[in-house]
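Q: The structure's right below; bear with me while I get my questions together.
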Amino acid sequence: PRVCVVGSGPAGFYTAQHILKHHGGAQVDIYEKLPVPFGLVRFGVAPDHPEVKNVINTFTQTARSERCAYYGNVTVGRDVTVPELQQAYHAVVLSYGAEDNRVLGIPGENLSGVYSARAFVGWYNGLPENRDLNPDLSCETALVLGHGNVALDLARILLSPLQLLRKTDITDSSLAALACSKVKRVWLVGRRGPLQVAFTIKELREMINLPGTRAVLNPADFTGLENAVKDAPRPRKRLTELMIKTALEKPGEKPVEVQATAGQAAAPREWGLKFQRSPQEVLPTPDGKRARGVRMALTRLEGSGDSARAIPTGDVEELECGLVLSSIGYRSLPLDPAVPFDTQRGIIPNSSGRVEGVPGLYCSGWVKRGPTGVIITTMNDSFDTAQSVLEDLQGGVLDMSPPREGFGAVESILRSRGVRPVSFSDWEKIDAAEVARGKAAGKPREKIVDPAEMLRLIGH
């Protein structure tokens, strides 16, 4: 059987890995729109979390298998359509993730100084489409809308001492911009309360312990929570206890490392959590061009636990800031008119990864279940889809009688449209060049951010 996987992030690679492992004859081709593989492992994971990127070693082993091939620089839906892939393969798995962000839907969100978390993360991680973001970091206060791990990543990158970031694979240009940044205070704002935050304890602890930075948590936000959290699941309980402990710590109990660099006030940098506030409007500067703050509706909670809803109380408050980062979630987009898509939920309608009403078409990862969870969640989800493909191959659901040409058929389509795919060994040349450039600067790698430069490097 010839199987095609669209997207080379964790969902795509784990799907391929599972099929190759459990079917001794399957041939899997992975298509990717960028020249370089690995999706959000390369472009989403924070540069100061290198251990999370170790899965790349497993993915590389999969790509080097003689029954697996990688074709980068191919945009499915434009360079080749999904029906064309279905003609060439026995099964097609869509694992292309969530390449857009949710919008706030409030006045002023298009003002200068307002960015989506997705674009900001893409900028410091070298995602080609965000390389020219050039965010304005000339203000002292930044506001992050959202209480998830990505929101903490943004705050940490904005406030981290430069010597910590210099040793990472953060891009050269964003490091230079952060070196000139005036941001010294970051507020993370959420519509709901401390019991509904979506970040995890490891990331919170890392933020609390960030050198030269102090956490500002309002003790009033945490009074009486010890009781409320008594019967909560253990992770939620431990997370809340850490916030309570941090909020109630008396100044002086914890040595604040003050790192006053030339031209920087002796006051340390700070970050804090604000709860039960929902953004109503990004407020413009007098000339109407830039963000100067955000007006928030204060909320009260109805219900409890994860299902609690934030209801506006009618009171409002203004928070001054020159930088607004909206971290309220990613969003999948439809890829091809031939593929059913639920625009409401932002997913491909499916059951166990089988796309509804289209035999032989499957999906895995964020486009299957929505943009939540970490790499391990995506791994299990992808194994589930791969299992559906294997069952359908074994159970005769997929018609194996016509031999399918796989990449042979796709190659001629691509050639006729002037598209030249990038192979995995091409990627390994790009990889080697990045690692060599990084070595010179004492970093694990220096990412190439311009696809044209990547293609020149491999003689395309």
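Q: Residues of segment 59-87 being among the hydrophobic types (A, V, I, L, M, F, W, C) and assigned to a helix (DSSP H, G or I), which ones?
A: Passing the criteria: Phe59, Ala63, Val82, Leu85.
Q: Counting only residues that are farther than 27 Å from Met296 by Cβ and open to solvent by 30 Å² or more (accessible area, probe 1.4 Å), which one in segment 96-112 is modelled with the lowest pLDDT?
A: By that ranking, first place goes to Glu99.
Q: Then there's this: If you go through segment 406-446, how many residues are touching a Phe, Trp or Tyr at 6+ places or on another chain (Cβ under 9 Å), farther than 21 Å from Gln61 by Cα and not in a helix (DSSP H, G or I)?
A: 1
Q: Residue by residue through segment 405-460, note down the ones that are crowded, with 16+ Cβ neighbours inside 10 Å, more than 19 Å from Asp48 (Cα to Cα) and either in contact with a Gly (Cβ under 7 Å, 6 or more places away or on another chain) or at pLDDT below 95 (or both).
A: Matches in segment 405-460: Pro421, Val422, Trp427.
Q: Now for a different question. Being buried (at least 18 other Cβ atoms within 10 Å of the Cβ) and not in a helix (DSSP H, G or I) is the filter here; which residues of segment 142-168 pass it?
A: Ala142, Leu143, Val144, Leu145, Gly146, His147, Gly148, Ser160, Thr168
Q: I need a count of the residues in segment 19-37 that are over 16 Å from Leu94 (Cβ atoms) and open to solvent by 10 Å² or more (accessible area, probe 1.4 Å).
A: Adding up the residues that qualify gives 8.
Q: Next question, about the same structure. So which of Asp336, Asp342 ends up being under 25 Å from Ile106 (Cβ atoms), within 24 Å of the chain's Cα centre (by Cα) and not assigned by the TED database to the domain that holds Arg118?
A: Going through Asp336, Asp342 in turn, just one is under 25 Å from Ile106 (Cβ atoms), within 24 Å of the chain's Cα centre (by Cα) and not assigned by the TED database to the domain that holds Arg118: Asp342.
Q: Something else now. Just checking, does segment 382-397 include any residue being among the aromatic types (Phe, Trp, Tyr), under 24 Å from Glu84 (Cα atoms) and in contact (Cβ under 8 Å) with a residue 12 or more places away in the chain?
A: Among the residues of segment 382-397, not one is among the aromatic types (Phe, Trp, Tyr), under 24 Å from Glu84 (Cα atoms) and in contact (Cβ under 8 Å) with a residue 12 or more places away in the chain, which makes the answer no.
Q: While we're on this one: Which of the residues spanning segment 49-72 are in contact with a Leu (Cβ under 9 Å, 6 or more places away or on another chain) and open to solvent by 20 Å² or more (accessible area, probe 1.4 Å)?
A: Ser65, Arg67, Tyr71
Q: So which of Val355, Val397 ends up being closer than 28 Å to Gln27 by Cβ, open to solvent by less than 40 Å² (accessible area, probe 1.4 Å) and either aliphatic (A, V, I, L, M) or touching a strand residue (DSSP E or B) at 6+ places or on another chain (Cβ under 7 Å) (or both)?
A: Val355
Q: Could you identify the single residue in Val121, Val93, Val76 that is more than 19 Å from Tyr362 (Cα to Cα), modelled with pLDDT of 95 or more, buried (at least 21 other Cβ atoms within 10 Å of the Cβ) and touching a Gly at 6+ places or on another chain (Cβ under 9 Å)?
A: Val121
Q: Which residues, taken from segment 1-33, are touching a helix residue (DSSP H, G or I) at 6+ places or on another chain (Cβ under 7 Å) and assigned to a loop (DSSP other than H, G, I, E, B)?
A: Passing the criteria: Pro1, Gly7, Ser8, Gly9, His23, Ala26.
Q: Determine whether Arg300 is open to solvent by 80 Å² or more (accessible area, probe 1.4 Å) and either at pLDDT 95 or above or within 20 Å of Arg214 (Cβ to Cβ) (or both).
A: Yes, satisfied.
Q: Given the conditions (1) within 29 Å of Thr200 (Cα to Cα); (2) open to solvent by 40 Å² or more (accessible area, probe 1.4 Å); (3) over 27 Å from the mean Cα position of the chain (by Cα), and given that Ile311 satisfies all but one, which numbered condition is not satisfied?
A: If we test Ile311 against (1) within 29 Å of Thr200 (Cα to Cα); (2) open to solvent by 40 Å² or more (accessible area, probe 1.4 Å); (3) over 27 Å from the mean Cα position of the chain (by Cα), just (2) comes out false.
Q: Go through (1) under 30 Å from Met207 (Cβ atoms); (2) open to solvent by 10 Å² or more (accessible area, probe 1.4 Å) and name the single condition Ala46 misses.
A: So Ala46 meets the others, but not (2).
Q: Here is a check on your reading of the model: is Ser138 out of contact with any helix residue (DSSP H, G or I) (no Cβ under 8 Å at 6 or more places or on another chain), touching a residue at least 40 places away in the same chain (Cβ under 8 Å) and surrounded by fewer than 19 Cβ atoms within 10 Å (Cβ to Cβ)?
A: yes
The values are calculated or read from the model by the stated rules, or taken from the named source; none is laboratory data. Quick caveat: nothing in here was measured; it's all calculated off a predicted structure. In this analysis, Cβ positions are derived from the backbone assuming ideal geometry, glycine residues included, and neighbour counts consider all displayed protein chains. Accessible surface is based on the protein model in full, side chains and every heavy atom, while ligands, DNA and RNA are left aside. Shrake-Rupley method; radii C 1.70, N 1.55, O 1.52, S 1.80 Å.
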